[in-house]
Amino acid sequence: MVLLMVTTVQWYGIILIILGLIFRYIVARNRFNRRGSGGLQQYDSYNKALVTTAFERFLKIIGTGMLLFGVFLIAIEWFNKSTTEKYKLEKLKEQQR
């Protein structure tokens, strides 16, 4: 029953948060797996290092953006719901007078 109370905007926010976390996790895991015993990332060639680093930086920025936008959507929806509730209560009190 609680799932039915979640609006579409909140679902979009939740999905964006989850996808943002997944993107950031994948990048961090790949960077961890490339580390050698000295703690430095190891690549086969210089070009591969440049492309991989640029692509991972891009993915991390996209993931962070998705995460922040998902939080923004949930916050806006919460604000709209609370404002609507207050407005309905005020209108109900005026009608009772």
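FYI, it's all coordinate maths here, none of it is from the lab. Computed from a predicted structure; not experimentally measured. FYI the Cβ positions are ideal-geometry reconstructions off the backbone, even for glycines, and counts take in every protein chain you see.
Data for the structure
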read-out	value
Spin-label proximity, residue 71 to segment 21-48 - amide N less than 17 Å from point 7 Å beyond Cα toward beta carbon	21-25
Over 23 Å [Cα-Cα, the chain], rounded percent	51
Value of [θ]222 nm, deg cm²/dmol, for the chain, DSSP H segments ≥ 4, -39500 (n - 2.57) each, nearest 500	-29500 deg cm²/dmol
Set of segment 33-66 residues, backbone N closer than 19 Å to the point 7 Å along the Cα-Cβ line of residue 21	60-66
The chain - percent relative contact order, Cα under 8 Å, separation 6 or more	44
Theoretical gain in end-to-end length, residue 11 to residue 57 [0.36 nm per residue, Cα-Cα removed]	13.9 nm
Selection from 42, 54, 70, by position along the positive dipole direction of the chain (Cβ)	42
Cβ charges +1 (Lys, Arg) and -1 (Asp, Glu), total dipole of the chain, debye	160
